[in-house]
Amino acid sequence: MPKYTVTPWKVEGEVDYNKLIKDFGTEAIDDKLLQRLKKHTKDLHYMLRRKIFFSHRDMNFILDEHEKGNKFYLYTGRGPSGNTHLGHLVPWIFTKWLQDRFDAELWFQMTDDEKFIFNPKLELEETNKLAYENALDVIALGFKKGRTKIFADTDYAKTLYREAIKVAKKLNVSTTKAVFGLTDSDSVGKHFFTSVQSVPAFLPSALAGKNIPCLIPLAIDQDAHFRVTRDIIGKLGYYKPGILHCVFLPALTGPKGKMSASIAESAVYTTDAPEVVAKKIRKYAFSGGGDTIAEHRKKGGNPEIDVSYQWLRFFEEDDKKLEKIYRDYKSGRLLTGELKEILIEKLSRFLKAHQANREKARKVLDKYIIKD
Ligand code: TRP
């Protein structure tokens with residue numbers, strides 16, 4: 001049995017996603033749910049078709065309410081510990097699609113407090129600054145002005161704190177120990193923090209004085225926070241949030257774990273220059289190909305473990321193109337080097353546009369940020 005760890009602060013090993021569904025007590029996104037969703041969205045995002053978003057909590061409740069005319073808002077976030085990398089963009093790209101299809105408002109939390117508390121090397125000034133740098137990547141993806149609110153926790157503290165203490169009052173240390181594996185030696189800041197991440201799951205309801213359903217798209221490592229939130233939020237009189245979970249983008253260096261911002265060669269950053277991206281992929285992208293060209297031609301490559309192919313699943317929207325690459329690689333017709341060039345081409349085009357949008361975002365940043 002492969003061993004792995006999935007917590008909000010550590011993802012390691014070869015993750016068994018079906019087992020996570022059981023361990024975390026979530027539900028698989030099945031065809032029935034996809035068809036129900038499709039009634040509203042008309043099409044299905046490629047991340048749904050490919051089961052990159054594979055698990056959920058209470059999505060049927062969210063759709064029940066939607067069908068009754070009680071529209072949901074979206075909530076997601078980012079822990080600003082460094083530059084944004086491609087792995088971070090995965091749930092955000094999907095969230096943008098949900099915003100478009102449902103015309104939903106998005107609340108986006110930048111947890112500068114969290115990264116300060118949890119990372120011994122980071123000062124608050126840095127995490128706060130990174131929050132606004134990371135916000136440029138969010139805006140660059142095309143979220144709607146006026147329908148998108150981005151906030152750094154320490155700059156929206158007055159509003160958040162009033163609600164966070166209501167969660168904290170009902171949260172026992174025995175729970176933070178059991179859910180997050182925190183111990184007596186961890187700071188009270190760590191034990192408290194999940195109260196802050198809970199707030200946006202009901203803040204719009206608290207501010208409006210009526211219950212508005214909340215839907216949270218996230219990578220499954222963040223689920224633990226919302227298990228806590230969902231337990232407490234009912235006691236505060238709010239709906240439990242619905243959740244859509246996605247898998248992790250594998251690290252460039254291998255199919256295990258997730259891409260980590262702290263291991264530079266395992267990640268491609270949104271600010272990397274095209275030459276840097278090409279070099280990283282050529283040098284580090286884990287190959288599922290044969291040891292020699294002759295062997296590869298004979299036996300074919302293994303797309304299931306080849307990181308270049310796996311990344312294309314996350315970034316090549318066209319199913320037909322992707323299927324052809326899969327077949328060609330598996331049959332040995334396509335070599336690893338050639339597959340890498342396909343990925344480089346795809347990402348260069350994507351990043352060129354993203355970087356231009358990111359610079360444009362600086363000018364409109366204040367239209368998205370909320371502070372108090
Ligand atoms: N804690 C998350 C992180 O480290 C950031 C975050 C805050 C978040 N609120 C969220 C992520 C809601 C997903 C959904 O990245």
Item to complete: Would you check if LYS210 is away from the ligand (no atom under 12 Å from the Cβ), part of a loop (DSSP other than H, G, I, E, B) and modelled with pLDDT of 95 or more?
Response: yes
Discussion item. Could you tell me how many of the residues in segment 104-131 are more than 25 Å from VAL247 (Cα to Cα) and not in a helix (DSSP H, G or I)?
Written reply: 4
Worksheet item: Which ones in segment 328-372 are open to solvent by 60 Å² or more (accessible area, probe 1.4 Å) and more than 26 Å from PRO274 (Cα to Cα)?
Response: LYS330, ARG333, ASP366, LYS367, LYS371, ASP372
Discussion item. Just to check your reading of the model, which residue among THR148, THR175 is within 15 Å of the ligand (Cβ to nearest atom) and at negative phi?
Written reply: THR148
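Quick grid of which residues meet (1) in a strand (DSSP E or B); (2) more than 16 Å from the ligand (Cβ to nearest atom); (3) in contact (Cβ under 8 Å) with a residue 12 or more places away in the chain:
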residue: MET47; (1), (2), (3): no, no, yes
residue: PHE61; (1), (2), (3): no, yes, yes
residue: THR76; (1), (2), (3): yes, no, yes
residue: PRO80; (1), (2), (3): no, no, yes
residue: LEU89; (1), (2), (3): no, no, yes
Discussion item. As an exercise: evaluate SER195 against (1) in contact with an Asp or Glu (Cβ under 7 Å, 6 or more places away or on another chain); (2) away from the ligand (no atom under 11 Å from the Cβ) and give the number of the one condition it does not meet.
Written reply: (1)
Item to complete: Please state which of the following conditions ILE220 fails to meet, knowing it meets all the rest: (1) open to solvent by less than 10 Å² (accessible area, probe 1.4 Å); (2) in contact (Cβ under 8 Å) with a residue 60 or more places away in the chain; (3) within 22 Å of GLY237 (Cα to Cα).
Response: (3)
Discussion item. Could you check segment 158-174 and list, in sequence order, the residues that are among the small types (Gly, Ala, Ser) and either farther than 14 Å from GLN109 by Cα or outside the structural domain of ASP231 (by TED's automatic domain parsing) (or both)?
Written reply: ALA168, SER174
Discussion item. Quick check on this structure: which one of PRO91, PRO8 is open to solvent by less than 20 Å² (accessible area, probe 1.4 Å) and modelled with pLDDT under 95?
Written reply: PRO8
Worksheet entry | Complete set of residues in segment 167-199 that are basic (Lys, Arg) and either open to solvent by less than 50 Å² (accessible area, probe 1.4 Å) or free of Cβ contacts under 8 Å to residues at least 40 places away in the same chain (or both) | LYS169, LYS177, LYS190
Discussion item. From the list ASN128, ASN119, exactly one residue is more than 12 Å from the ligand (Cβ to nearest atom) and either in the same structural domain as ASP221 (by TED's automatic domain parsing) or open to solvent by 60 Å² or more (accessible area, probe 1.4 Å) (or both). Which is it?
Written reply: ASN128
Worksheet, complete the sentence: When (1) in contact with a Gly (Cβ under 9 Å, 6 or more places away or on another chain); (2) under 22 Å from ASP155 (Cβ atoms) are applied to PRO213, the one that fails is (2)
Item to complete: Considering only residues that are aliphatic (A, V, I, L, M) and more than 9 Å from the ligand (Cβ to nearest atom), look in segment 213-238 and name the one that is nearest to LEU74 (Cα to Cα).
Response: LEU215
Discussion item. Suppose the filter is assigned to a helix (DSSP H, G or I), touching a helix residue (DSSP H, G or I) at 6+ places or on another chain (Cβ under 7 Å) and free of Cβ contacts under 8 Å to residues at least 24 places away in the same chain; does ILE325 pass it?
Written reply: yes
Worksheet item: Somewhere in segment 268-276, is a residue outside the structural domain of LYS51 (by TED's automatic domain parsing), modelled with pLDDT of 95 or more and more than 18 Å from LEU351 (Cα to Cα)?
Response: no
Worksheet item: For segment 208-235, which residues satisfy the criterion of being aliphatic (A, V, I, L, M) and over 14 Å from ALA164 (Cβ atoms)?
Response: ALA208, ILE212, LEU215, ILE216, LEU218, ALA219, ILE220, ALA224
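One line per residue, one yes/no per condition, for (1) under 25 Å from the mean Cα position of the chain (by Cα); (2) of a type in the set (A, V, I, L, M); (3) not assigned by TED's automatic domain parsing to the domain that holds PHE53:
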| residue | (1), (2), (3) |
| --- | --- |
| GLN310 | yes, no, yes |
| GLU316 | yes, no, yes |
| SER331 | no, no, yes |
| THR336 | no, no, yes |
| LYS340 | yes, no, yes |
| LEU365 | yes, yes, yes |
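The values are calculated or read from the model by the stated rules, or taken from the named source; none is laboratory data. As the structure is a prediction and not an experimental result, all values here were calculated from the model. When we count neighbours, we look across all protein chains shown, and the Cβ atoms used for this are built from the backbone with ideal geometry, even at glycine. Just so you know, the surface numbers come from the protein's heavy atoms only, side chains and all, with ligands and any DNA or RNA stripped out. Shrake-Rupley method; radii C 1.70, N 1.55, O 1.52, S 1.80 Å.
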